[in-house]
Amino acid sequence: QVQLVESGGGLVQPGESLTLSCTVTGRIFSDHHWAWYRQAPGKERERIAVITISRGTGYADAVKGRFTISRDNAKSTVYLQMTNLKPEDTAVYYCKAPSGVMGDYWGQGTQVTVSA
């Protein structure tokens, strides 16, 4: 059974940085592309970063230049390094394979709050 465990969130001030981690069990991590998503209060969940099997990356405009996605296949972990955080980055952050292979399953997410 696949399990996604996100961690690393917290409360930070604008301009600060955080690095999120997502560890995947129950599935061959290296065989999949991976993505980070976020859901802000009152908004729909959105995909913000993707990393392919070959380590190509893509980003939503809102985070481009500030966030970096990476993966460590040996640790079955995908990371999201976030810099220059803004209040509008406040959300619950999730990882998932974007292919749809996991259906409706989502991990518990990790809360990021950016506030002065």
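The values are calculated or read from the model by the stated rules, or taken from the named source; none is laboratory data. Keep in mind that what you see is a predicted model, and the values were worked out from it rather than measured. Every residue, glycine as well, gets a Cβ built from its backbone with ideal geometry; the counts of neighbours run over all protein chains shown. The area values use the complete protein model at the heavy-atom level, side chains included, leaving out ligands, DNA and RNA. Shrake-Rupley method; radii C 1.70, N 1.55, O 1.52, S 1.80 Å.
Assorted remarks:
- Normalised by 2.2 N^0.38 Å, with N the number of residues, the alpha-carbon radius of gyration of the chain equals 0.99.
- Summed residue charge, Cβ within 12 Å of E16's Cβ, Lys/Arg positive, Asp/Glu negative: +1
- The range 1-110, relative contact order [Cα under 8 Å, separation at least 6], %: 35 percent
- Number of Lys pairs (Cα under 21 Å; 8 or more positions apart or on different chains) in the chain: 6
- Solvent-accessible heavy-atom area per residue, rounded to whole Å², over the chain at 1.4 Å: 51 Å²
- Top of Y79, Y105, Y37 by mean-square fluctuation, Gaussian network on the chain, Cα under 10 Å: Y105
- Centre-to-centre, using Cα atoms only, the range 14-46 and the range 47-116 are separated by 3 Å.
- Reciprocal mean inverse distance between Cα atoms of the range 48-101 - Kirkwood radius, Å: 12.2 Å
- Whole-percent carbon and sulfur share, accessible surface of the range 1-54, 1.4 Å: 46 percent
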